[in-house]
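Here is the structure we will look at, set down as structure tokens.
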Amino acid sequence: MSGGHQQHPARVVGHGHDHDDHDGHHGHTHADHGSLKSYTTGFILAVILTAIPFWLVMGKVIDKSSTLGLVLLGFAAVQIVVHMVYFLHMNTKSEGGWSMLALIFTIMLVFIMLSGSLWVMYHLNHNMMPGMMTDSSMHETVPESMQSMPGMDMSTMPKSHSMHDMP
């Protein structure tokens, strides 16, 4: 037996004390599984946080779509917090704080991935939009060796099309 680990002796049948009567948790506190009052509070908050954005969209309360989108994202974030607190019972004390650390790490990863993806898509959209090429840039894209080829007339090269020309 190495590492200071001590094995339990074999159990004696009929003995009143059993070391495994602690649901397998040695030294751990049980997480709060909520009460009817906390579940009811969470449910009511969830319904309110669903009804208000629904009303904002269906009633066309906010005209500007970007502002409406930000308001809806705010309600969604609050709804996520309500679900985590009232239904998943996450707080800084549960699981010794590890569940909160895992949540913070997950939020950071999602933020980095979403912001990075949006950044890349914006720059791809900005740099690759059709109609951005001018006639002078068309000459730059054709190699000089091809420009001087006999029978190569640059005026017959297809011109770039704008988004308005497309069907």
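The values are calculated or read from the model by the stated rules, or taken from the named source; none is laboratory data. All values derive from a computational prediction rather than experimental measurement. Positions of Cβ are backbone-derived with ideal geometry, glycine not excepted, and every protein chain shown enters the neighbour counts. These area figures cover heavy atoms from the full protein model, side chains too; ligands, DNA and RNA do not enter into them. Shrake-Rupley method; radii C 1.70, N 1.55, O 1.52, S 1.80 Å.
For this structure, a couple of remarks:
- Area of residue 84 that stays accessible when all protein chains are in place (1.4 Å probe, Å², to 10): 40 Å²
- Label-point gap, in nm, between residue 95 and residue 66 - each point 7 angstrom along Cα→Cβ: 3.8 nm
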